[in-house]
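> This is the structure I have questions about; it appears just below.
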Amino acid sequence: MTLEGKDITFAYGKGAPVLDRVNISLSSGERVGLWAPSGRGKTTLCRLLAGYERPRKGQVLLEGRPLFPHEGPCPVQMVWQHPETVLDPLLPLGRSLEETGPADPGLLEQLHIRKEWLRRFPGELSGGELQRFCLARALQPATRFLLCDEITAMLDLVTQAQIWDFLLREAERRSLGLLVVSHSQPLLDRVCTRKISLKE
Amino acid sequence: MEPILEIQHLSISFHQYEKGFVQRELPVIRDLSLTLEPGEVTGVLGVSGSGKSLLAHALLDLLPYNSRREGTILFQGEPLTSQRIRKLRGKEIVLVPQGVTYLDPLMKVGPQLRKGRRDRGAREKVRSALARYGLKEAAADLYPFQLSGGMARRVLMASAVMDSPRLVIADEPTPGLDAKAASRLLGHFRELAAEGAAVLFITHDLELALAVAHRVAVFYAGETVEIARASDFPEGRLRHPFTQALWDALPQGAFRAIPGAQPYSGEVKEGCPFLARCPHPGNGCGQGELSLVPWNEGMVRCLYPHGEVMA
């Protein structure tokens, strides 16, 4: 399966284009590293591929067909840099998890999510613990592509290694396509099968 | 040479209400000992929640009212009491904080650096402090919101060096800086040390700590588990299994994860807080209090450092 961004041009409001005719393609089983200096539209590109924004020009294609508008669980999911900002602070974490359907107990176990955490609120857990919930939520059965936007940038080294250890095994097992955004070249070298950079 | 700062058996705990009127003491830093020499950059490395920022707050007497401090802190040989800190901080003991939010948003840079002084000497000092970090005189006339992230960082550095400090405490001073700007900032800290100050560099970033510090103190669950030279890391001479785990988790290294997570404050009542994750636990690890002892030209709090039985 292939996810493609074709000739994507995008601007916020009346501003200058953040992305100008960008092409990107990602196949199942591939792990592509995306690198660029701050402010070059890495996060914006992920948002477009996951359907949070619509491009001004160009298209997001899955197997050659336009992906959006899409009904039902989206095969392209995104995990964000700051998990505390994408979980409803007033919902117990178990409820947030169910936003994408019932949680797979095996998945929770592999992510070392403790049962009692499901009743807790986001403010009561650490960033590393919350990021595990975000991964569990994004890895619903219909997910084929995962966009990882600096998902371990604010975590300590050991937690970072724990999360990637899980994610690499899961991606392998389900033949997921991963787009990995990071400032850390060593991390990209380690986890990706190829790297691309966004030029001006 | 006389050390600038000697911390001896420092413990910090918080007094909290649990349910109703049930109270408890929550230990957050236990038995911390650290000596800072002039001319040396000491890194304090720990994951979030390990108590490393509290150390900075304790040294500046900024701990909240419900905290209790035990142990001794000597600054240039004399006890550092609350009264003495108040006289010294901002002058001989300075903090370089995380970012622009530590500047007063309603005050221009110049008056902020002068800290209320209006004489010509103070103005001259502001000019030279700004110039030292490549900022023009005009920067003194800007409000914090007009500064870029990198400029704000340099203003904070300039603010710290207004009165030739003896002890510089930097608390995560580089987040959000690109590699080039960060390495320039690290150079500034090395420079201050070369001028005879002691620098305490607090960070969660191992690579950063190794790039700037001569020695690194590693925090885990409120305890210093190891004090190592920066060169011990690449040379495979680490003493504590947690330090080794950090080094092994680097993506450019083994990228290996150990299971589990750091315990919450107060969760481990006895023995080594790293025991549940330790790859080679032994007899006695779960009992009593472990102390920080010299080992192989460094310090370690482990009964079986580097997998060996302690003599």
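The values are calculated or read from the model by the stated rules, or taken from the named source; none is laboratory data. Since the structure is predicted, the reported quantities are computational estimates derived from the model, not experimental observations. Glycine also receives a Cβ, built like all others from the backbone with ideal geometry; neighbour counts cover every protein chain displayed. Keep in mind that these areas ignore ligands, DNA and RNA; they rest on the heavy atoms of the full protein, side chains included. Shrake-Rupley method; radii C 1.70, N 1.55, O 1.52, S 1.80 Å.
> So what is the 222 nm mean residue ellipticity for chain B from helices alone, if each DSSP H run of at least 4 adds -39500 (n - 2.57) and you divide by all residues, rounding to the nearest 500 deg cm²/dmol?
On the way: 8 runs with 77 residues, N = 311.
Calculated from helices alone, the mean residue ellipticity at 222 nm is -7000 deg cm²/dmol.
> Here's something else I'd like to know. For chain A, what log10 I(q)/I(0) values come out of the Debye formula at q = 0.13 1/Å, with one point per alpha carbon and no solvent?
With no solvent term, the Cα-only Debye profile gives -0.70.
> Please list, in chain and number order, the residues 5+ apart from B:CYS302 or on another chain whose amide H is under 5 Å from its amide H, with Hs placed from the backbone.
Placed amide hydrogens put B:VAL293 under 5 Å from B:CYS302.
> A follow-up question, please. Within 10 Å of each Cβ in B:246-258, how many Cβ atoms from other chains are there, averaged over the peptide? Walk me through the numbers before you get to the answer.
On the way: counts 4, 1, 3, 9, 6, 14, 6, 4, 1, 10, 4, 10, 3.
Mean shielding by partner chains, rounded to a whole number: 6.
> Hey, another quick one. Interface size between chain A and chain B, please: total buried accessible area, 1.4 Å probe, rounded to the nearest 100 Å².
Details: alone 10450 and 15530 Å², together 24550 Å².
Approximately 1400 Å² gets buried when A meets B.
> Top mean-square fluctuation among B:THR174, B:THR101, B:THR81, Gaussian network model of chain B, C-alpha springs under 10 Å?
Highest fluctuation among the options: B:THR101.
> Rounded to the nearest whole Å², what accessible area per residue is found for the range B:218-311 with the 1.4 Å probe? Don't skip to the end; give the middle numbers.
On the way: 4330 Å² over 94 residues.
Accessible area per residue: 46 Å².
> Sticking with this one: Too long at a 28 Å Cα-Cα cut-off: which of B:LYS87/B:LYS136; A:LYS14/B:LYS180; B:LYS91/B:LYS136?
B:LYS87/B:LYS136; A:LYS14/B:LYS180, as the Cα separations exceed 28 Å there.
> To continue, here is another question. Kindly provide the helix-only [θ] at 222 nm of chain A, computed as the sum of -39,500 (n - 2.57) over DSSP H runs of four or more divided by all residues, to the nearest 500 deg cm²/dmol? Working shown, then result.
Numbers: 6 runs with 56 residues, N = 200.
Computed mean residue ellipticity for chain A: -8000 deg cm²/dmol.
> While we're on this one: Of the accessible area of the protein assembly as shown, with the probe set at 1.4 angstrom, what percent is carbon plus sulfur?
After summing per-atom areas, the C and S share lands at 52 percent.
> Eigenvalues of the Cα gyration tensor times 5, then square-rooted: what semi-axes does that give for the range B:260-311, in whole angstrom, largest first? Show your work: numbers first, answer last.
Values: eigenvalues 76, 29, 23 Å².
Equivalent ellipsoid of the range B:260-311: 19, 12, 11 Å, largest first.
> Then there is this: Through the Karplus equation 6.51 cos²θ - 1.76 cosθ + 1.60, θ set to phi - 60°, convert the phi angles of the range B:144-159 into ³J(HN,Hα) values in whole Hz; use x for Gly and Pro.
Each residue's phi maps through the Karplus curve to give x, 5, 8, 8, 6, x, x, 5, 4, 4, 6, 5, 5, 5, 4, 4 Hz.
> Against the longest alpha carbon principal axis of chain A, how many degrees, from 0 to 90 and to the nearest 10, is the axis of helix A:127-138 turned?
So the helix axis and the longest Cα principal axis differ by about 70 degrees.
> Based on the Kirkwood radius over alpha-carbon pairs, what is the Stokes-Einstein translational diffusion coefficient of the protein assembly as shown at 37 °C with 0.692 mPa s viscosity, in µm²/s?
Numbers: Rh = 25.3 Å.
Rounded to a whole number, D works out at 130 µm²/s.
> List the aspartates and glutamates whose Cα sits under 14 Å from the Cα of B:LYS108, skipping any in the same chain fewer than 8 residues away.
B:GLU137, B:ASP141
> To the nearest 10 degrees, how steep is helix B:179-194 against the longest Cα principal axis of chain B, on a 0 to 90 scale?
Roughly 90 degrees between the two axes.
> Among all stretches of chain A without exposed chymotrypsin sites (Phe, Trp or Tyr not before Pro) (DSSP loop, at most 14 other Cβ atoms within 10 Å), which one is longest? Write down the numbers at each step before the final one.
Numbers: sites that count: A:TYR12, A:TYR52.
The answer is A:53-200.
> If you take the Cα Rg of chain B and divide it by 2.2 N^0.38 Å, with N the number of residues, what do you get?
Working: Rg = 20.6 Å, N = 311, 2.2 N^0.38 = 19.5 Å.
For chain B, the normalised Cα radius of gyration is 1.06.
> Okay, moving on. Check which residues have an amide H placed less than 5 Å from A:TRP35's amide H, if you skip close sequence neighbours.
Amide H neighbours of A:TRP35, under 5 Å, 5+ apart: A:ILE196, A:SER197, A:LEU198.
> Note every residue of the range A:170-199 with a reduction of at least 10 square angstrom in accessible area, all protein chains present versus the isolated chain, computed with a 1.4 Å probe, or write none.
The answer is A:PRO186, A:LEU187, A:ARG190.
> Now for a separate question. Can you give the FRET efficiency to the nearest 0.05 for B:ARG117 and B:SER291, using r as the Cβ-Cβ distance and R₀ = 60 Å?
Working: r = 46 Å, r/R0 = 0.77.
For B:ARG117 and B:SER291, the calculated efficiency is 0.85.
> Out of all Cα-Cα pairs in the range B:114-264, roughly what percent, to the nearest whole number, are more than 28 Å apart?
Working: 3709 of 11325 pairs.
It works out to 33 percent of all Cα pairs.
> What's the longest piece of chain B with no exposed chymotrypsin sites (Phe, Trp or Tyr not before Pro), counting a site as exposed if DSSP puts it in a loop and it has at most 16 other beta carbons within 10 Å? Intermediate results must be reported in sequence, preceding the final value.
Working: sites that count: B:PHE21, B:TYR65, B:TYR264.
Longest stretch, sites excluded: B:66-263.
> Among the GluC sites (Glu not before Pro) within the range A:1-91, which fall in a DSSP loop and have no more than 13 other Cβ atoms within 10 Å of their own Cβ?
Working: sites: A:GLU4, A:GLU30, A:GLU53, A:GLU63, A:GLU71, A:GLU84; in loops: A:GLU30, A:GLU53, A:GLU63, A:GLU71.
Those that pass, being in a loop and sparsely packed, are A:GLU63, A:GLU71.
> For the range B:205-289, which GluC sites (Glu not before Pro) are both in a DSSP coil and crowded by at most 13 other Cβ atoms within 10 Å?
Numbers: sites: B:GLU207, B:GLU223, B:GLU226, B:GLU235, B:GLU267, B:GLU270, B:GLU289; in loops: B:GLU235, B:GLU267, B:GLU270, B:GLU289.
Hits after loop and neighbour filter: B:GLU235, B:GLU267, B:GLU270, B:GLU289.
> Quick check for you: with a 1.4 Å probe and neighbouring chains kept, what is the accessible area per residue of the range A:57-200, in Å²?
Numbers: 7010 Å² over 144 residues.
With all protein chains present, the range A:57-200 gives 49 Å² per residue.
> Write out the trypsin sites (Lys or Arg not before Pro) in the range B:199-308 meeting two conditions: DSSP loop, and at most 11 other Cβ atoms within 10 Å of their Cβ.
On the way: sites: B:ARG215, B:ARG229, B:ARG237, B:ARG239, B:ARG256, B:LYS269, B:ARG277, B:ARG301; in loops: B:ARG237, B:ARG239, B:ARG256, B:LYS269, B:ARG301.
For trypsin sites (Lys or Arg not before Pro) across the range B:199-308 that sit outside H, G, I, E and B with at most 11 neighbouring Cβ atoms in 10 Å, the list reads B:LYS269.
> Provide the per residue accessible area, probe 1.4 Å, for the range B:53-126, rounded to a whole number of square angstrom. Numbers along the way, then the final one.
Numbers: 4420 Å² over 74 residues.
Per residue, the range B:53-126 has 60 Å² of solvent-accessible surface.
> What residue among B:ALA228, B:ALA217, B:ALA276 shows peak mean-square fluctuation when chain B is described by a Gaussian network model with Cα springs under 10 Å?
Maximum among the listed residues: B:ALA276.
> Could I have the simple spin-label model distance between A:GLU53 and A:HIS70, label points 7 Å from Cα toward Cβ, reported in nm to one decimal?
1.7 nm
> Just B:ARG123, B:ARG154, B:ARG190 to compare: in a GNM of chain B, with alpha carbon springs under 10 Å, which one fluctuates most?
Highest fluctuation among the options: B:ARG123.
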